[in-house]
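Colleague: Before I ask anything, let me first share the structure, which is written out below as C-alpha cells.
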Amino acid sequence: MKSPEPSLSLSEPHPQGVHAAQKGGFALAVLAVVYLLLAWAHLVPVNAALLAASLLGIVAGVIIYSLALYRNVPAGIKNNGVFTSSLTNRGLWGWVAGIVLTAFYVALYWFPETLGLGKDGNNTGLIALFDPLKRFFSGSNSTSQWFVYGTLYTVAILALGIKFMLKYRHNRYQLIRTSVVIASQLFLAYLIPEILEGLTTGQAYFAKDIKNIWPLNYYFFHDWHLNAMLEGGALGRLFLVAGIALFLIGAPVITYFAGKRWYCSWVCGCGGLAETAGDPFRQLSSKKVSAWKFERWMIHGVLALVVIMTAATLYGYFSGKSEIFGLSIYTYFQQPYAFFIGAAFSGVIGVGFYPVLGSRVWCRFGCPLAGYMGIIQRFKSRFRITTNGGQCISCGNCSTYCEMGIDVRAYAQKGQNIVRASCVGCGICAAVCPRGVLKLENGPEEGRINDNPISIGNDGIKLNGLS
C-alpha cells in the first residue's frame with residue numbers, strides 16, 4: 001500500500017532528491033576534472049586520447065546533469081536553497097572553491113612551472129597533457145600555461161553556457177545572447193587565434209583575439225607588441241588598424257546605439273565567464289551605497305592608470321627613450337600595471353573570488369574598457385532599462401540577481417528608467433522579474449533620464465514632470 005504524503009506544508013520541508021541522471025552527469029564531469037588534477041600532480045599517464053576524453057567528459061557531464069536538473073522544473077531563477085547552500089552563500093564549500101580557484105590563478109601567473117611548464121618545450125604534468133592539442137594547431141610543442149588556460153576557459157564557457165541556456169530557456173534574449181557569448185569565445189578568442197598562430201609560426205607573437213581591444217588589452221601599445229604587428233605582414237597591420245579603430249570608433253559608436261552590453265555581456269571573454277561559470281554566484285554582489293562609491297573611484301582610477309601607463313609607453317616608443325621624467329617606463333609604469341591590474345586584479349581576484357564577492361568583481365571595479373564605455377553609456381547613449389512601476393510587487397528578484405550591484409528594485413518602484421554607467425545589460429533582472437516590469441530598450445535620447453518620476457513622502461505621492 002502506498003504511504004500517504006506525510007506533509008501538507010506549502011513549502012518543501014525536505015531537500016529535493018537527485019535524479020540518477022544527475023548523479024551520472026555529475027560523476028562524469030568530476031571524474032574528468034579529477035583526471036586533470038592527477039595529471040597536474042604527475043600521477044597518471046598523459047596522451048591525446050585521455051585529453052580528449054577528459055575535455056569531452058566535462059562538457060558531456062555538465063550537459064547531462066543540467067538536462068536532468070532543469071527537465072521538470074519551471075524555467076528561470078529558483079530561489080530554493082540559494083541562500084542556504086554552502087557553495088552559493090559564502091559557506092565552507094564557497095570558501096574552499098574560492099581558495100582552489102585563487103591558488104590556480106597564482107600558479108598560472110607566477111609559478112607556471114608547478115603546472116608542468118618546462119624549458120625548451122620539455123613540459124610535464126598538466127601542460128604536457130595539452131601538447132597534442134597544441135601540435136594539432138601549430139605543429140609545435142610550444143605549449144604554454146596560457147594555451148592550457150585558454151582551452152579550459154573555452155570548455156567552461158561552452159559547458160556552463162549550455163547549462164545557463166537550459167536554466168533560462170524561457171527567455172529569448174538570454175538564449176540568443178548566450179549563443180553569441182559561446183561563439184565569440186570558441187571562434188574569436190580560441191580557434192581563430194590558434195589557427196592563425198599555426199599559420200604564422202616563426203613570426204613574433206602578437207595578440208590575435210581581435211575583440212580584445214585596448215585598454216582591456218593593456219599591452220596593445222607596448223613596443224614589442226607594436227613591432228610584432230608592424231613586422232607581421234598584412235595580418236599584423238590588419239590587427240593594428242582594427243585594434244585602434246575598434247577603440248576609437250567601434251566602441252563609442254556601438255555603445256551609443258546599444259549600450260556597453262554589446263561588449264560586456266555579448267562578446268567579452270571576462271563577461272562570458274562571469275555569465276556562465278559565475279551565474280551561481282551573481283547574488284553575492286554588494287548592493288551597499290558604500291560599494292557603489294568605491295566602485296566609481298576604483299574603475300575610473302584604473303582607467304586613469306592605464307591611460308597614464310600607455311601615454312608613457314608611447315612616449316618611449318616614439319622618442320626612443322626608456323625613461324620619462326627620470327623614471328624607467330618599464331619599472332614604474334608597465335611592470336606595476338601588469339602585476340597589480342593585469343594579473344592580480346583581473347585574474348586572481350576577478351575570478352578566484354567569484355564564490356566570495358560575486359561574478360563581476362573585475363568588470364564592476366576594475367575593467368578600464370568597461371569604465372570607458374560606461375561613461376559613454378551614462379551620458380550619450382540610446383540604451384536604457386525602462387520600468388513599469390505600477391506592476392512592481394517589490395519581490396526584489398531583480399536587485400538580488402544583479403551581478404553589478406545595482407538596486408534595480410528601487411528604480412522599478414518609482415517607475416524610473418535605469419541609466420547607469422555600470423549596467424552591463426545582461427538582462428537577468430528582466431528575466432527573473434515575475435511581472436514583466438523591466439525592459440531593455442534602445443530609443444531616442446530625449447526623456448531617457450527621468451529622475452524621480454514619483455516622490456513618496458509625508459505630504460503624499462507626487463508625479464514629477466508627468467501630466
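The values are calculated or read from the model by the stated rules, or taken from the named source; none is laboratory data. All figures in this text were calculated on a predicted structure; none of them were measured in a lab. Positions of Cβ are generated from backbone atoms using ideal geometry, with glycine treated the same way; all protein chains shown enter the neighbour counts. The accessibility values were calculated without ligands, DNA or RNA, using every heavy atom of the protein model including side chains. Shrake-Rupley method; radii C 1.70, N 1.55, O 1.52, S 1.80 Å.
Colleague: Select from the range 243-280 the residues that are open to solvent by less than 20 Å² (accessible area, probe 1.4 Å) and hydrophobic (A, V, I, L, M, F, W, C) and list them in ascending order.
Modeller: Correct list: ALA251, CYS264, CYS268, LEU273, ALA274.
Colleague: Somewhere in the range 116-130, is a residue under 30 Å from GLY342 (Cβ atoms), among the acidic types (Asp, Glu), under 27 Å from the mean Cα position of the chain (by Cα) and part of a helix (DSSP H, G or I)?
Modeller: Taking every residue of the range 116-130 in turn, none turns out to be under 30 Å from GLY342 (Cβ atoms), among the acidic types (Asp, Glu), under 27 Å from the mean Cα position of the chain (by Cα) and part of a helix (DSSP H, G or I).
Colleague: Confirm whether ALA410 is crowded, with 23+ Cβ neighbours inside 10 Å and in a helix (DSSP H, G or I).
Modeller: It is false that ALA410 is crowded, with 23+ Cβ neighbours inside 10 Å and in a helix (DSSP H, G or I).
Colleague: Of all residues in the range 163-175 being in a helix (DSSP H, G or I) and open to solvent by 50 Å² or more (accessible area, probe 1.4 Å), which is nearest to ILE127 (Cα to Cα)?
Modeller: LEU175
Colleague: Could we say that ASP131 is acidic (Asp, Glu) and open to solvent by 30 Å² or more (accessible area, probe 1.4 Å) here?
Modeller: The answer is no for ASP131.
Colleague: Could you tell me whether any residue of the range 61-75 is farther than 21 Å from PRO280 by Cα, without any contact (Cβ under 8 Å) to a residue 24 or more places away in the chain and open to solvent by 70 Å² or more (accessible area, probe 1.4 Å)?
Modeller: Checking the range 61-75: not a single residue is farther than 21 Å from PRO280 by Cα, without any contact (Cβ under 8 Å) to a residue 24 or more places away in the chain and open to solvent by 70 Å² or more (accessible area, probe 1.4 Å).
Colleague: From the list ARG435, ARG384, ARG448, ARG420, which residue is among the basic types (Lys, Arg), outside any helix (DSSP H, G or I) and closer than 22 Å to ASN79 by Cα? Outline the logic, then answer.
Modeller: Working: ARG384 fails: closer than 22 Å to ASN79 by Cα; ARG448 fails: closer than 22 Å to ASN79 by Cα; ARG420 fails: closer than 22 Å to ASN79 by Cα.
Of the residues listed, the single one that is among the basic types (Lys, Arg), outside any helix (DSSP H, G or I) and closer than 22 Å to ASN79 by Cα is ARG435.
Colleague: Residues in the range 218-235 that are crowded, with 18+ Cβ neighbours inside 10 Å and closer than 28 Å to VAL181 by Cβ: how many?
Modeller: Matching residues across the range 218-235 total 6.
Colleague: Further question on the same structure: May I ask you to list the residues in the range 253-307 that are in a loop (DSSP other than H, G, I, E, B) and over 29 Å from ILE58 (Cα atoms)?
Modeller: So in the range 253-307, the residues in a loop (DSSP other than H, G, I, E, B) come out as 259-260, 265-268, 277-278, 285-288.
GLY259, LYS260, SER286, LYS287, LYS288 - these are the residues of the range 253-307 that are in a loop (DSSP other than H, G, I, E, B) and over 29 Å from ILE58 (Cα atoms).
Colleague: Give LEU43, LEU31 a once-over and let me know the one that is at pLDDT 90 or above, open to solvent by 90 Å² or more (accessible area, probe 1.4 Å), assigned to a helix (DSSP H, G or I) and more than 22 Å from VAL82 (Cα to Cα).
Modeller: LEU31
Colleague: Here is a list: THR178, THR151, THR201. Which entry is polar (S, T, N, Q), assigned to a loop (DSSP other than H, G, I, E, B) and either open to solvent by 50 Å² or more (accessible area, probe 1.4 Å) or at pLDDT 95 or above (or both)? Break it down stepwise before answering.
Modeller: On the way: THR178 fails: assigned to a loop (DSSP other than H, G, I, E, B); THR151 fails: assigned to a loop (DSSP other than H, G, I, E, B).
Just one listed residue meets the conditions, THR201.
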